[in-house]
Amino acid sequence: MTPVGDVTVEIVDAAIAWRDLREDEYTPVPLPSEPRGIRTSSAGLGVAVDLGTTEIRVTVWDLSRRRGLGGCLGPNPQSTFGADVLSRLGTASWTGEDAAGVGRVARDAIGDAIDYVLLREHLDRSEVCRVVIVGNSAMLALLTECGYDALLEPDNWAREIDCHVSDARAWVRAWGLPESARVEVARPLAGFVGSDLLADVLATGMIEGTGKTLLLDLGTNTEIAVWDGTVLWVTSTPGGPAFESCGTDFGVPAEAGAVYRAMPRDASGTFACDVIGGEAPRGLCGSALVDVVASLVRDGRLKRTGNFAPEVGDDGVVVAEGEPDLVLRRRDVDAFQRAKAAIGAGTQCLLEEAGVPQSALERVYVCGAFGRFLDVANAQQVGLLPGTLSPDRFGLWGNAALAGCELLLFAPEGGAAVERLRTRARLLNLAQVPAFDDRFVENLYLEPAGETRITEGEPA
Amino acid sequence: MIDESMVEETIRHYNEAIFDTDRDRALEMVHQALERGMTPEDIVFKVVLPAMDQMIKSISEAFDTSLAQHYMTAQIADSVVAEMIPKFKQAPQVAGRVVIGSAEGDLHSLGKRIVIGCMRARMIEVTDLGVNVPPERFVDEAVAHGASIIGISAMMVHTARGSNGSLGVRRILKERGLEDRIKIVVGGAPYRFDHELYKTVQADAWAEDGVTAAGVIAELAEEVRT
């Protein structure tokens with residue numbers, strides 16, 4: 001949709017629709033039973049925030065009893081400045097005023113979410129003493145209004161991005177919290193790899209053993225980590241929003257009304273759909289998109305190039321009947337191919353850089369909102385996940401970043417746990433990998449991703 | 001002497017191979033046709049270039065091609081034409097000269113590679129300036145190579161709209177009085193979302209995808225020449 005002239009847009013109700021976070025929506029991680037190191041926040045309430053590109057998740061904790069009191073989830077209202085991170089960074093970099101505007105929207109939303117949980121659970125806001133925020137680099141740069149222009153410069157894509165809170169008091173005042181409450185934004189690692197990935201790594205414990213592991217946080221901006229036993233290799237790849245909400249005609253986030261599983265019913269070619277909340281289907285979320293594409297490839301209606309077989313015709317395939325029908329069209333398949341190719345190619349390049357063959361991976365952690373619904377075999381068949389591994393090596397984690405953020409909330413201030421991770425991490429900037437484009441094209445095909453190509457003499 | 005039915009058969013098989021992105025089969029079709037007496041000129045002008053036009057037609061009429069197909073169309077056409085040209089009876093006329101690169105701050109190169117492959121197949125002389133190209137360099141290189149077209153790829157909104165992209169190149173062309181001789185063609189994701197954006201950034205033309213872009217550039221090069 002393109003306006004042909006000046007358009008006045010009236011926003012009737014700007015309130016964010018927060019809703020309670022269900023327990024199965026993130027993976028609760030057992031908190032360390034004994035406090036380690038010096039703890040300064042032994043009493044009061046703590047707030048963990050995962051500031052995502054598409055969604056914001058907040059949980060409130062009783063710090064002394066180490067108990068979760070409630071949580072909520074809502075859309076990140078910054079999406080009015082663009083669905084992807086680059087559009088938002090672009091808007092912020094126009095003028096200082098624009099940056100303040102984009103930043104304020106995120107801060108207000110966080111305050112709103114905290115309010116929602118405090119009111120709903122009848123909690124005393126004067127007891128809140130600590131707020132910890134994780135997110136991808138772009139979201140944290142926009143939130144803190146610093147470093148957002150640095151991220152638009154390719155020279156900085158492998159450097160640390162400064163995201164410090166310059167006036168924490170103003171933030172807590174605006175949120176109606178006591179002035180003594182401390183706000184910590186967990187620093188991004190470097191470039192587009194944010195502290196949400198570090199939180200994922202903490203939550204999954206992927207680097208606790210010596211076995212080689214892989215972690216994928218699937219989203220608009222997919223972050224990938226490989227642990228080779230000594231070094232944590234990390235990268236990020238912009239898959240686009242095909243898995244999250246838009247980019248496809250019927251794409252929706254993994255929310256109520258979203259089809260999250262779609263299995264071929266019988267030889268008739270129709271699908272049996274599982275819908276979140278059991279409602280009428282509004283659209284497909286990423287996991288169902290993977291199911292549909294994989295089963296169409298299996299039954300021959302979709303070719304490996306992404307073209308429909310001649311008998312399908314130009315109108316595509318009806319996935320679910322309704323008002324209107326949910327139809328998979330050629331352009332949806334194309335958006336899917338591009339998104340999964342970016343992830344598949346990013347994974348291959350990182351494994352190659354780390355010198356880790358797919359077959360050597362003991363465990364693969366799949367994180368991200370729709371990750372928990374993913375059918376691993378289907379995802380392997382279309383090349384989204386490494387194809388040579390047995391499905392039992394995969395673990396579906398859902399939103400691990402929030403769980404990791406909660407660990408930070410209970411960790412000593414200053415984040416010694418994260419600092420340890422930082423010293424072990426090494427970033428791969430895919431923009432500087434000459435092989436990426438070729439890998440991307442190879443990964444466009446709807447077929448399993450082959451074994452990593454490790455050249456002799458590469459660093460292991 | 002070869003008959004028309006053989007030409008038609010070659011076209012059909014080559015197009016099928018392109019549609020399936022089967023590089024080996026496409027090259028095999030070409031080599032078989034050569035062995036059976038088809039001229040290198042006919043292979044280029046009756047098989048390879050019409051196949052590219054067919055792809056442009058399918059793109060514009062319905063969305064039934066994919067990025068993988070665009071890429072392979074370009075790569076296959078480029079390699080076939082590169083192999084055929086030395087076999088031509090007479091060296092073909094250069095259809096135009098172009099410099100191309102990704103805008104400053106932009107490191108994407110895939111779209112640009114598709115455009116380059118298709119342009120080379122159309123016998124347009126292309127100089128690839130790489131990625132992250134400052135506006136001055138676009139103009140300097142265009143002048144140095146006698147190019148009539150500057151192609152600027154930008155896959156991100158800020159590199160498409162920014163003052164060091166097409167807008168910067170336009171400013172320098174204006175300052176140096178080169179606007180009659182050198183035209184700007186832009187492409188990349190932001191232009192697909194806003195079909196008027198090429199005007200905002202003061203480009204002369206834009207194209208929806210790499211395969212189509214080569215056609216647009218060829219037409220514009222022809223216009224500048226005449």
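Please arrange A:Phe243, B:Phe193, B:Phe138 by counting, for each residue, the other beta carbons lying within 10 Å of its beta carbon, fewest first. Present the calculation step by step, with values, prior to reporting the outcome.
Values: A:Phe243 32, B:Phe193 12, B:Phe138 28.
Going from least to most buried by this count: B:Phe193, B:Phe138, A:Phe243.
Can you give me the convex hull volume of the Cα atoms of region A:346-402, divided per residue and expressed in Å³?
Working: hull volume 5.0 nm³, N = 57.
Value for region A:346-402: 88 Å³ per residue.
Residue by residue through region A:16-22, what is 3J(HN,Hα) from phi via Karplus (6.51 cos²θ - 1.76 cosθ + 1.60, θ = phi - 60°)? Round to whole Hz and write x for glycine and proline.
Taking θ as phi minus 60°, the curve returns 7, 7, 7, 9, 4, 7, 7 Hz for region A:16-22.
Label region A:310-460 by shape, choosing from rounded, prolate and oblate, from the square roots a ≥ b ≥ c of the eigenvalues of the Cα gyration tensor; if a/c is under 1.5 it is rounded, and otherwise prolate applies when a/b is larger than b/c, oblate when it is not.
The shape class here is oblate.
For region A:367-433, take N as its residue count and report Rg(C-alpha) divided by 2.2 N^0.38 Å. Working shown, then result.
Working: Rg = 16.0 Å, N = 67, 2.2 N^0.38 = 10.9 Å.
Dividing the Cα Rg of region A:367-433 by 2.2 N^0.38 Å gives 1.47.
Given the -39500 (n - 2.57) contribution per DSSP H run of 4+ residues, what per-residue ellipticity at 222 nm results for chain A, rounded to the nearest 500 deg cm²/dmol?
Values: 11 runs with 130 residues, N = 460.
That comes out to -8500 deg cm²/dmol.
Could you work out, residue by residue across A:430-443, how many beta carbons of other chains sit within 10 Å of that residue's beta carbon, and then give the average as an integer? Mind dumping the intermediate values first?
On the way: counts 1, 6, 1, 0, 1, 0, 3, 6, 3, 0, 4, 10, 1, 1.
Going residue by residue through A:430-443 and averaging, the value is 3.
What net charge do the residues around A:Ala225 carry, taking every other residue with its C-beta under 15 Å from that of A:Ala225, with Lys and Arg at +1 and Asp and Glu at -1?
Numbers: positive: A:Lys212, A:Arg363, A:Arg420, A:Arg422, A:Arg424, A:Arg426; negative: A:Asp196, A:Asp200, A:Glu208, A:Asp217, A:Glu223, A:Asp228, A:Glu352, A:Glu353, A:Glu362.
Around A:Ala225, the charge tally is -3.
Using the Cα centre of region A:376-432 as the reference point, and only Cβ charges (+1 on K/R, -1 on D/E), how large is the resulting charge dipole? Debye, rounded to the nearest 20.
Working: 5 positive and 4 negative charges, 53 e Å.
Dipole magnitude for region A:376-432 comes out near 260 debye.
Might you report the magnitude of the Cβ-based charge dipole of chain A about its Cα centre, with Lys and Arg at +1 and Asp and Glu at -1, to the nearest 20 debye? Could you put the intermediate results ahead of the total?
Numbers: 41 positive and 66 negative charges, 210 e Å.
Roughly 1020 debye, rounded to the nearest 20.
Counting only residues 5 or more places away or on other chains, whose amide H sits under 5 Å from the amide H of B:Lys183 once H atoms are built in the peptide plane?
Those lying under 5 Å, H to H, from B:Lys183 are B:Ile149, B:Ile150.
If you take the Cα Rg of region B:164-208 and divide it by 2.2 N^0.38 Å, with N the number of residues, what do you get? Provide the component values of the computation, followed by the final result.
Values: Rg = 10.6 Å, N = 45, 2.2 N^0.38 = 9.3 Å.
In units of the globular-protein estimate, region B:164-208 measures up at 1.14.
Using a Debye calculation, one point per C-alpha and no hydration shell, please list log10 I(q)/I(0) for region A:111-199 at q = 0.15, 0.26 Å⁻¹ in order.
Rounded to two decimals, the profile gives -0.61, -1.19.
Please rank B:Ser58, A:Ser93, B:Ser66, fewest neighbouring Cβ atoms within 10 Å first, as an exposure proxy.
So the residues, fewest neighbours to most, are B:Ser58, A:Ser93, B:Ser66.
Can you tell which of A:Phe410, A:Ile110, A:Leu328 lies farthest toward the positive end of the dipole of the protein assembly as shown, using +1 and -1 charges on the Cβ of basic and acidic side chains (Lys, Arg; Asp, Glu)?
Final value for the positive-end residue is A:Phe410.
What's the exposure ranking of B:Met119, B:Met52, going from fewest to most Cβ atoms within 10 Å? Spell out each step's value before the answer.
Numbers: B:Met119 28, B:Met52 22.
The most exposed by this proxy come first: B:Met52, B:Met119.
Would you mind classifying region B:39-129 by shape? Square roots of the alpha carbon gyration tensor eigenvalues, ordered a ≥ b ≥ c; an a/c under 1.5 is rounded, otherwise it is prolate if a/b is larger than b/c and oblate if not.
Judged from the Cα gyration tensor, region B:39-129 comes out oblate (a/c at least 1.5, b/c at or above a/b).
Along each of its three principal axes, how wide is the spread of alpha-carbon positions in the protein assembly as shown, in whole angstrom units, largest first?
Extents along the principal axes: 92, 65, 57 Å.
About the Cα centre of chain B, how large is the charge dipole given +1 on each Lys and Arg Cβ and -1 on each Asp and Glu Cβ? Please answer in debye to the nearest 20. Intermediate values should be presented prior to the final figure.
Values: 24 positive and 35 negative charges, 160 e Å.
Computed charge dipole of chain B: roughly 760 debye.
May I ask for the net charge around A:Gln348, where only other residues with Cβ less than 11 Å from the Cβ of A:Gln348 are counted and Lys, Arg are +1 while Asp, Glu are -1? Mind dumping the intermediate values first?
Numbers: positive: A:Arg439, A:Arg453; negative: A:Glu352, A:Glu353, A:Asp438, A:Glu442, A:Glu451.
Computed value for this residue: -3.
Which helices pass in chain B if a helix is a full DSSP H run, must span at least 20 angstrom along its long axis by Cα, and must have mean Kyte-Doolittle hydropathy not below 0.5? Let's see the in-between values first.
Details: long enough: B:4-19 (22 Å, -0.52); B:67-84 (26 Å, 0.43); B:210-225 (22 Å, 0.72).
Once both thresholds are applied, what remains is B:210-225.
Which translational diffusion coefficient, to the nearest whole µm²/s, is obtained for region A:165-239 from the Stokes-Einstein equation, given a Kirkwood hydrodynamic radius over C-alpha pairs, 20 °C and 1.002 mPa s?
Values: Rh = 14.3 Å.
The calculation lands on 150 µm²/s.
Considering only C-alpha atoms, what is the centroid distance from region B:163-185 to region A:156-173, in Å?
39
Size of region B:148-226 along its principal axes in angstrom, Cα-based, largest extent first?
32, 28, 16
Cα atoms only: what Rg and Dmax, in Å, come out for region A:282-367?
Both quantities, over Cα of region A:282-367: 16.0, 50 Å.
Run the count for the protein assembly as shown, please: Lys pairs, Cα-Cα under 19 angstrom, 8 or more apart or on different chains.
Details: A:Lys303/A:Lys340; B:Lys46/B:Lys57; B:Lys46/B:Lys87; B:Lys46/B:Lys89; B:Lys112/B:Lys183; B:Lys174/B:Lys183; B:Lys174/B:Lys199; B:Lys183/B:Lys199.
The number of close lysine pairs in the protein assembly as shown is 8.
With n ≥ 4 as the cut-off for DSSP H runs, can you work out [θ] at 222 nm for chain B, using -39500 (n - 2.57) per run divided by the number of residues, rounded to the nearest 500?
When only DSSP H runs of four or more count, the value is -16500 deg cm²/dmol.
How big is Rg to Rh over region A:175-302, alpha-carbon atoms, Rh as the Kirkwood inverse-mean-distance radius?
Values: Rg = 19.3 Å, Rh = 17.5 Å.
Reported Rg/Rh, Kirkwood definition of Rh: 1.10.
Of all the Cα-Cα pairs you can form in chain B, what percent are over 29 Å apart?
The share of Cα pairs beyond 29 Å in chain B comes to 28 percent.
Averaged over its residues, how many other protein chain Cβ atoms are within 10 Å of peptide B:66-73's Cβ atoms?
Working: counts 13, 9, 15, 5, 1, 5, 3, 0.
Average neighbour count from other chains, rounded to a whole number: 6.
Anything in chain A that counts as a DSSP H helix reaching 30 Å or more along its axis (C-alpha) with Kyte-Doolittle mean of at least 0.0? List them, would you? Show your work: numbers first, answer last.
Values: long enough: A:96-120 (36 Å, 0.17); A:330-354 (36 Å, -0.30).
Result, helices passing both filters: A:96-120.
What net charge is computed for the residues neighbouring A:Asp266, neighbours being all others with C-beta under 15 Å from the C-beta of A:Asp266, Lys and Arg scored +1, Asp and Glu -1? Mind dumping the intermediate values first?
Details: positive: A:Arg265, A:Arg298, A:Arg301; negative: A:Asp299.
Net charge around A:Asp266: +2.
No value in this document is a laboratory result; all are computed from the given coordinates. Given the structure is predicted, the values throughout are model-derived calculations rather than measurements. Positions of Cβ are backbone-derived with ideal geometry, glycine not excepted, and every protein chain shown enters the neighbour counts.
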